[in-house]
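Shown next, in structure tokens, is the structure this report addresses.
The values are calculated or read from the model by the stated rules, or taken from the named source; none is laboratory data. Because the structure is a prediction, the values reported are computed rather than measured. Cβ coordinates were reconstructed from backbone atoms using ideal geometry, including for glycine residues, and neighbour counts include every protein chain displayed. Accessible surface areas use protein heavy atoms only, side chains included; no ligands, DNA or RNA. Shrake-Rupley method; radii C 1.70, N 1.55, O 1.52, S 1.80 Å.
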Amino acid sequence: MKMTSLKNSKNFDRVFHDGQRFGNRHFQFYYLKNRKSTNRLGIIVSKKVSKRAVVRNKVKRRIRASYQNELERIQQGYDLIIVAKKRCAEDPYRDLDRSLKHLFYKTKLEKS
């Protein structure tokens, strides 16, 4: 399955304003049903996480990789936004992966 991204600020604003939200120790997660057959993912890693672009990009790559691993197990047809918290830069990939799985489980986006 191909991964698509949320691109423009209008789509981001719609998810932030109208969507559901859930958070855990690593992420703030927003999701909203869309009219498409696939999910669209937006990842936000601000300078609060790290001032260094290398670290922020590493966090984005880790989130994207973890999402790719879960892609077959989650429901399709949603716009998703994952906002990284500060501790994402410090914790290992295993913890980030576990937190993302936890988000999908708690928001009932996992396929049954």
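Annotations for the structure displayed:
- All lysines inside 18 Å of Lys7 as judged from Cα atoms, apart from same-chain residues fewer than 8 positions distant: Lys33, Lys36, Lys60
- In the chain, the longest principal axis of the Cα atoms and the axis of helix 53-70 are about 40 degrees apart.
- The range 5-37: trypsin sites (Lys or Arg not before Pro) falling in loop per DSSP and having at most 15 other Cβ within 10 Å: Lys7, Arg25, Arg35, Lys36
- Fully extending the segment from Asp91 to Ser9 would add 26.6 nm, taking 0.36 nm per residue of separation and subtracting the current Cα-Cα distance.
- Cα-centre dipole for the chain with unit charges at Cβ (Lys and Arg positive, Asp and Glu negative), debye to 20: 360 debye
- Restricting the range 1-102 to GluC sites (Glu not before Pro) that sit in a DSSP loop and have at most 15 other Cβ atoms within 10 Å of their own Cβ leaves Glu90.
- Computed with every protein chain present, the accessible area of Phe16 is close to 80 Å² [probe 1.4 Å].
- Efficiency of FRET from Cβ geometry, Phe16 and Lys58, R₀ 25 Å, rounded to 0.05: 0.50
- Here the Kirkwood formula, the inverse mean of 1/r across different C-alpha pairs, assigns the range 53-100 a hydrodynamic radius of 11.5 Å.
- Stokes-Einstein D for the chain, Kirkwood Rh over Cα pairs, 25 °C, 0.890 mPa s (µm²/s): 174 µm²/s
- When Ser9, Ser50 are compared by accessible surface with a 1.4 Å probe, the order from highest to lowest is Ser9, Ser50.
- Net charge contributed by nearby residues that have their C-beta within less than 12 Å of Met3 (K/R +1, D/E -1): +1
- Estimated 222 nm signal from helices in the chain, with DSSP H stretches of n ≥ 4 weighted -39500 (n - 2.57), rounded to 500: -12000 deg cm²/dmol
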